[in-house]
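Comments concern the structure below.
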Amino acid sequence: MRRGGWPLFTTCLPASRGKSARSDMQTKELTEISILTSPPSKADIAWQPPSENLRKLKKRKQLVDQKKKLSAWTLFLALLGILLMVVHTELLWFGNCQWFVYLFLLKCSISLSTTVLIVLIITYHIKEIQLFMCDNSLVDWRIAVNAKKFAWILLEIVICAVHPFPSERQCDDPDQIEMTDNNTVAFLSHADILLSILMFLRVYLLPRTVLLHSRVLVDASYRSIGSLNKIKFQYQFVMKILMNTCPGRVLLILTISLWIVSSWVLSVCERENINHSFSLTKAMWLIPITFLTIGYGDLVPYTVCGKMVCLWTGVMGVGCTALIVAVAAQKLEFTKAEKHVHNFMMDIHYMKQIKCAAANVLGEAWLLHRHMKRGESAKIRQHQRRLLEAIHIFRRRRIRHKNLKDQVNAMVDISKMQMILCDLDSNLSSSHQDLEKRIDQLDKKLDDISRLIMKAIETPQLSQ
């Protein structure tokens with residue numbers, strides 16, 4: 001860019017670098033704030049060298065790579081925490097409060113992974129703010145953070161911070177043991193059950209990781225064409241791409257994951273009921289029956305938690321069933337070539353039927369006319385009935401052929417009509433050019449004739 005061109009904004013610098021970084025940058029180029037507050041003069045406009053743009057691009061690429069790595073590690077720690085929580089719950093059930101040390105260490109591991117997860121989430125959002133500053137050439141990070149963004153960050157931290165805290169009840173302490181109606185040690189407290197179930201909210205990190213590691217965000221052609229068409233590269237766009245490219249695989253993974261998670265959550269909610277006989281296998285039977293909206297009634301939930309899980313499973317089952325039906329209908333549709341071939345063969349078939357029906361009508365009419373001349377009343381009535389039946393068959397086949405013609409008006413036929421119109425347009429243009437040439441030739445001949453007439457008129461006058 002020349003020195004007299006538009007000024008470029010400064011690159012992203014964290015606010016923690018202080019006044020020295022800002023003073024250094026103000027000597028080279030203008031900041032976005034100075035441009036917005038005061039009109040630039042010729043003395044204030046500074047030229048930014050190409051190396052500065054390359055440095056910004058390199059820094060942006062580094063920030064994007066760091067975001068991808070952080071998203072992958074956050075998802076790994078979130079799933080690790082959920083796995084440790086499941087192991088802790090199952091050991092507590094089968095160990096019957098005998099493995100206090102191991103259970104306490106598992107809870108400590110869950111808390112440690114949660115702490116690291118929160119730190120990584122905060123780091124991820126810091127990198128995201130720095131990337132926004134680099135894209136918009138900001139210097140102060142407070143411009144890139146508004147109240148809504150800050151609220152979303154706090155909500156993510158709260159969701160990821162939810163986990164059962166490391167406090168185990170010892171079996172030899174009767175004051176801390178919660179007894180059930182059958183004088184057995186309680187499985188889990190209501191608070192621990194709620195905190196354990198809420199840990200599955202960490203799955204929200206999965207779409208973010210899929211988005212950052214998808215070829216949509218990495219491919220430059222996708223980004224350029226999407227920016228020209230004003231498409232936002234968010235989770236919804238990536239999910240639509242996955243549903244269009246591999247819908248069966250996505251629905252299968254979603255359904256199986258929902259069944260497994262819902263079955264385990266339902267078994268945790270209902271294990272202390274029905275004389276401790278509600279096992280995971282029964283939950284894995286109840287969830288698919290509820291998911292498919294069958295409901296035999298042989299097993300029912302008793303707790304509020306179990307009822308809510310079954311209600312959520314039924315709602316998700318209705319939605320997944322609708323998606324499966326839509327995908328199956330899309331897969332069973334004809335392609336353009338198949339539809340064209342099928343319509344062409346059906347058109348030939350209906351035309352043959354119409355010709356046969358028309359021949360039957362003519363034949364019955366001829367036989368009726370011949371028997372009317374002979375005066376055979378029985379044959380006349382018989383052929384009249386056959387003639388009426390042949391006419392009805394002919395009309396039905398004409399209607400079928402007309403309906404086929406109406407259905408053929410699809411994209412294939414529109415494209416064919418467009419090609420025909422293009423051919424007609426080219427023929428008309430060529431004929432128009434030929435007509436113009438002939439008119440020009442006629443004009444020349446008329447001019448020649450007029451010259452000859454003028455010469456013929458002028459020659460007698462000269463002789464006189």
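The values are calculated or read from the model by the stated rules, or taken from the named source; none is laboratory data. Being a predicted model, the structure only gives us computed values, none of them experimental. Don't worry about glycine lacking a Cβ; one is built from the backbone with ideal geometry, like all the others, and counts go over all protein chains shown. Accessible surface is based on the protein model in full, side chains and every heavy atom, while ligands, DNA and RNA are left aside. Shrake-Rupley method; radii C 1.70, N 1.55, O 1.52, S 1.80 Å.
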- Item | GluC sites (Glu not before Pro) within region 348-412, DSSP loop, no more than 16 other Cβ atoms inside 10 Å | Glu376
- From the cross-link list Lys68/Lys149; Lys355/Lys405; Lys56/Lys148; Lys127/Lys149; Lys127/Lys232; Lys107/Lys307, which pairs have alpha carbons spaced over 24 Å apart? Lys56/Lys148; Lys107/Lys307
- Task: Treat each spin label as a single point 7 Å out from the Cα along the C-beta direction, and report the Lys148 to Tyr235 distance in nm.
- Result: 1.6 nm
- Task: Find, among the chymotrypsin sites (Phe, Trp or Tyr not before Pro) in region 293-389, those assigned to loop by DSSP (not H, G, I, E, B) with at most 15 other beta-carbon atoms within 10 angstrom.
- Result: Tyr296, Tyr302, Phe334
- Task: Apply 1/(1 + (r/R0)^6) to the Cβ-Cβ distance of Glu52 and Ile256, taking R0 = 56 Å, and write down the FRET efficiency to the nearest 0.05.
- Result: 0.65
- Work out from phi, with θ = phi - 60° and the Karplus expression 6.51 cos²θ - 1.76 cosθ + 1.60, the ³J(HN,Hα) of each residue of region 233-239, listed in order in whole Hz, and give x for Gly and Pro. 7, 10, 4, 5, 5, 5, 5
- Task: Using 0.36 nm per residue of separation minus the Cα-Cα distance, give me the extension gain between Tyr204 and Ile159 in nm, one decimal.
- Result: 15.2 nm
- Task: Starting from the Cα-Cα distance between Lys437 and Ile294, subtract it from 0.36 nm times their residue separation and give me the gain in nm to one decimal.
- Result: 43.5 nm
- Task: Would you mind working out the accessible area per residue for region 356-456, using a 1.4 Å probe, and quoting it in Å²?
- Result: 84 Å²
- Note on the structure: Gyration tensor on Cα atoms of region 208-347, a ≥ b ≥ c root eigenvalues, a/c under 1.5 rounded, else prolate if a/b beats b/c, else oblate, says oblate
- Message: Could you give the length gained by full extension between Leu311 and Arg370, i.e. 0.36 nm per residue of separation minus their alpha carbon distance, to one decimal place?
- Response: 13.6 nm
- Item | Residues of region 248-267 with amide N under 14 Å of a point placed 7 Å along Cα→Cβ from His213 | none
- Message: Need one word for region 274-428: rounded, prolate or oblate. Basis is the Cα gyration tensor (sqrt eigenvalues a ≥ b ≥ c); a/c below 1.5 gives rounded, then a/b vs b/c decides.
- Response: oblate
- Item | Residues in region 305-340 reached by a label modelled at Trp285 [backbone nitrogen below 20 Å; 7 Å Cα→Cβ] | 306-307, 309-311, 313-314
- Query: At His349 and Ser426, where each label point lies 7 Å from the Cα along Cα→Cβ, what is the point-to-point distance in nanometres?
  - Reply: 3.5 nm
